[in-house]
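The values are calculated or read from the model by the stated rules, or taken from the named source; none is laboratory data. Since this is a predicted model, take the numbers as computed values, not measurements. Because the Cβ atoms are built from the backbone with ideal geometry, glycine has one as well, and the counts that use them run over all protein chains shown. Protein only, heavy atoms only, side chains kept; ligands, DNA and RNA dropped before computing areas. Shrake-Rupley method; radii C 1.70, N 1.55, O 1.52, S 1.80 Å.
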Amino acid sequence: MSAIRILPDRVANQIAAGEVIERPVAVVKELIENSIDAGANRIEVEFRNGGKSYIRIADNGKGMTSDDALLSLERHATSKIQDASDLNKIGSFGFRGEALPSIASVSKFTLRTKTEACEHGTEIKINGGKLIDRKECGMPTGTVIEVAQLFNSVPARRKFLKTDPTESAHITYTTRLFAVAHPKIAFRVLDSGRVLFQSPACKDLRDRIGEIWSQQLAKDLIPVDAEDKRRNYRLTGLTAKPGVGRTTRRELVTLVNQRPVDSRTLGFAVLDAYHGHIQKGRYPPAFLFLQIDPAEVDVNVHPAKREVRFRDDGSIRRFVLEAISETLRKTEPIESETYQEVVPIRSKSAAPSAIPKPAITPKPPVFESKVYPEISKPALAQPELASPPPTLLENTASLEEQERSTEWRLIAILRQRYALFETPRGLIVLHIRNADQRVRFELICKQFQSDSIPSQGLLIPEPLELEPLAAAALLEHIELLNKQGFQIEQFGRNFFRVEAVPTWLTPDRSENFIRDFVDLLRQRGAAFKDHEILWEALAQLAVKGSYQKNDNLNETAAQNLAQKLLSCDKPHTTPFGKPTFTETSWNELNKRLGDDE
C-alpha cells in the first residue's frame with residue numbers, strides 16, 4: 001500500500017469538478033449564478049455543440065479587479081461568506097468558491113473582467129488548470145467567461161455526455177428557469193450563433209413566461225399571492241387553472257428565494273392542493289416563488305445546489321398547500337380539457353356522406369355524446385346500420401359471442417358507474433368506464449395495424465410549441481406518427497403545426513394528446529423501437545378520455561357497450577389490467593340465499 005499524501009491542487013480541482021460540473025449545463029448554471037450575484041441586469045449565453053466545444057457567458061455586472069480575478073481561480077476563494085456562521089444565512093447563489101477553479105481545471109478557460117473604476121480590463125487564460133497568460137484588455141464594465149473543449153483533460157468524463165441536441169436542450173431549459181426566476185434581468189441565449197430566445201427585462205412574470213415558454217401556457221395560469229407574517233413566509237407567482245395538467249413535472253417550477261430548486265416538500269404540497277382539480281396522474285404547470293428567511297433553509301445540501309432542506313418542512317408544506325388551495329377556491333371551475341368535444345371538420349379518408357348522423361334521444365345529454373369523445377359517435381348511436389363508417393370497430397365477434405351479447409339483458413344502471421345485466425347463467429355487473437377503455441383500446445390498435453388510417457384535416461392548423469428536449473423527441477418519431485393518421489410539420493425551431501389528426505381524436509384534444517405522447521417518448525424512448533409497443537402506448541393515452549361517472553348513460557348505449565365489449569379480443573380486462581365486469585352465477589346466489597330450488 002502506498003503512503004498517504006496530500007493531492008495536488010490540480011487533481012483536487014478535477015475531483016471537485018466531477019461533483020460540481022457534471023455536464024455542460026452545470027457550467028452555464030454556475031456562471032449565470034455568478035453573474036446574478038455580480039448585480040448584472042443583462043446576461044448573454046452562447047454555446048456550440050451542446051456546450052462541449054464552446055460556452056460563453058457575458059454580463060454587465062460590477063466585474064473584478066486584476067487581483068480579485070486571479071484570486072477567484074483559487075480553490076474556495078469567495079466574496080460571499082467569511083466565516084461558518086454565514087452558512088446559516090446564505091443570500092447569494094454562489095458562495096463556495098469552487099465553480100471557477102473546477103471549470104478551469106477541465107477546459108480551456110478564458111476570463112475577461114473589468115470594474116467601473118478601472119481604466120482597462122484583465123484577461124486570464126488557463127488550460128487544464130495551468131495558468132497560460134495574464135494581460136490587460138479593453139472591454140466594458142462586466143465579465144466575460146469562455147469555456148472551450150470541456151473535459152479535454154478528463155476524456156473519461158466526456159464519454160458520458162449525451163448527444164449535442166440533448167445537452168443543448170438541458171442548457172436551454174436551465175437558462176429558461178433563471179430567466180423566469182429573474183424577470184428584471186434581460187436574457188439572450190444563442191446556439192451556434194442562432195438566437196434561441198431573447199427576452200428584455202420584464203416587470204410582469206406572465207410576460208416573461210409568455211416570451212420564453214409559450215403564450216398559451218401564460219394564459220392557463222392564475223396569480224398566487226399569500227403571506228404568513230408570523231413565520232415570515234410569502235408565496236407568489238402563477239399556477240395552473242383547475243383542469244389544466246401535464247404528464248410530467250417539468251413545468252412545475254418551484255423557486256426558494258429566487259433560486260430554482262427541486263423540493264419534494266413544495267412539489268407534494270402543490271400536488272395535494274390540486275387533488276380533485278386535475279386528472280389523477282397529471283401535474284399542474286406552475287411557477288411559484290417562496291420567500292423565506294435564509295436562516296430557515298439550507299442550500300448547501302447538494303454539490304450542485306439543486307436541492308434545499310427546510311428547517312420546518314411541516315409548516316412550509318401547510319403554508320403552500322393552504323395558499324394554493326385558497327387560490328383555486330377563488331377560481332371558478334372550468335371544464336376539463338379531456339372531455340370537451342369538437343365535431344370533425346373534414347375527413348381525408350372518408351366522404352362526408354359516410355358518417356351518419358347520431359341518434360337523437362329524449363333525455364339529453366346521453367352516453368353517446370360523452371362516452372366516446374374521440375371516436376365517431378355513430379358507433380353507439382346507430383349500431384343497426386348496415387355499413388358503418390371505416391373509423392368504427394368492425395364486428396368480428398364469433399357466433400357464440402354474438403349470442404352471448406343478445407343474452408345480456410340490462411336491468412339497471414347503478415350510480416352512473418355500473419350496469420347490471422341478467423343472463424341465463426346469472427347476474428353480471430359491468431364497470432362502464434373500464435369496458436369503454438377496452439373497446440377504445442382495441443379499436444385504435446386495429447386502426448394502427450391497418451394500411452390506411454382515416455384522418456381528418458383541420459381547417460385551421462393547430463400551432464404547437466415545445467421545449468427543446470420535447471421537440472427533439474417529437475422529431476425523432478414524427479414520421480411514424482404521420483403514418484398513424486397525424487399530419488405534423490416542423491414550423492421553425494421547436495415549433496410545429498398540426499394539420500390533421502386521426503378520426504378517433506377530436507381536434508380540440510390534439511395539442512394535449514401530442515404533448516402527453518411526447519412526454520411518454522422521453523420517459524420510455526428506447527422501448528419504442530418496436531412499433532407494436534408504440535401503438536399500444538398511443539392507444540393507452542387515447543383511452544384516458546373515456547367515460548366518467550358524471551356523464552349520463554342511457555339504456556340503449558349501455559346495451560351497445562356490452563355488445564362491443566364482447567366483440568373485443570380481451571374483453572375481461574382494461575389495457576391497464578383492471579376487470580371490465582364480474583359475474584355471479586344463479587347457483588352461487590342460490591347457495592348464499594339458502595334457496596334449495
Q | Inter-site label distance for residue 184 and residue 116 at 7 Å from Cα along Cβ, in nm | A | 1.6 nm
**Q.** Per DSSP, loop trypsin sites (Lys or Arg not before Pro) in the stretch 145-182 with at most 15 further Cβ within 10 Å
**A.** 162
Q | Percent accessible area from carbon and sulfur atoms, the stretch 199-311, protein chains only, probe 1.4 Å | A | 43 percent
Q. Looking at the stretch 99-175, which chymotrypsin sites (Phe, Trp or Tyr not before Pro) are DSSP coil and have at most 14 other C-beta atoms within 10 Å of their C-beta?
A. 160
Q. Could you give me the ³J(HN,Hα) list for the stretch 108-115, computed from phi with Karplus coefficients 6.51, -1.76, 1.60 and θ = phi - 60°, whole Hz, x at Gly and Pro?
A. 8, 10, 10, 10, 10, 8, 7, 9
(Q) Can you compute the modelled spin-label distance between residue 482 and residue 248, with each label point 7 Å from Cα toward Cβ, in nm? (A) 2.3 nm
Q) Taking amide hydrogens as modeled 1.01 Å from N in the peptide plane, which residues meet the under 5 Å criterion relative to residue 246, leaving out close sequence neighbours? A) 283
Q: Grab the Cα-Cα distance for residue 173 and residue 570, subtract it from 0.36 nm times how many residues apart they are, and report the gain in nm with one decimal.
A: 138.6 nm
Q | Neighbour cut-off at most 13 other Cβ (10 Å), DSSP loop, trypsin sites (Lys or Arg not before Pro), the stretch 429-508 | A | 483, 493
Q) How much of residue 139 can a 1.4 Å solvent probe reach, expressed as accessible area in Å² and rounded to 10? A) 40 Å²
Q | P(r) histogram, all alpha-carbon pairs of the stretch 119-169 included - 10 Å bins from 0, percent | A | 19, 36, 25, 18, 1
Q. When the Karplus curve 6.51 cos²θ - 1.76 cosθ + 1.60 is applied with θ = phi - 60°, which whole-Hz ³J(HN,Hα) does each residue of the stretch 63-75 get, with x for Gly and Pro?
A. x, 9, 6, 4, 5, 5, 4, 5, 5, 5, 8, 8, 5
**Q.** Long-range amide H partners of residue 286 with built H, under 5 Å
**A.** 252, 253
**Q.** Listed residue pairs exceeding 32 Å between alpha carbons, taken from 203/229; 62/241; 162/483
**A.** 62/241
Q: Tell me which residues come under 5 Å, amide H to amide H, from residue 52 once H is placed; ignore anything under 5 positions away on its chain.
A: none
Q: Find how much the distance from residue 459 to residue 586 grows on full extension, using 0.36 nm per residue of separation minus their present alpha carbon separation; answer in nm with one decimal.
A: 40.2 nm
Q | Cubic angstrom per residue, convex hull over Cα atoms of the stretch 257-298 | A | 84 Å³
Q: Give the calculated FRET efficiency between residue 194 and residue 133 to the nearest 0.05, with a Förster radius of 30 Å applied to their Cβ-Cβ distance.
A: 0.45
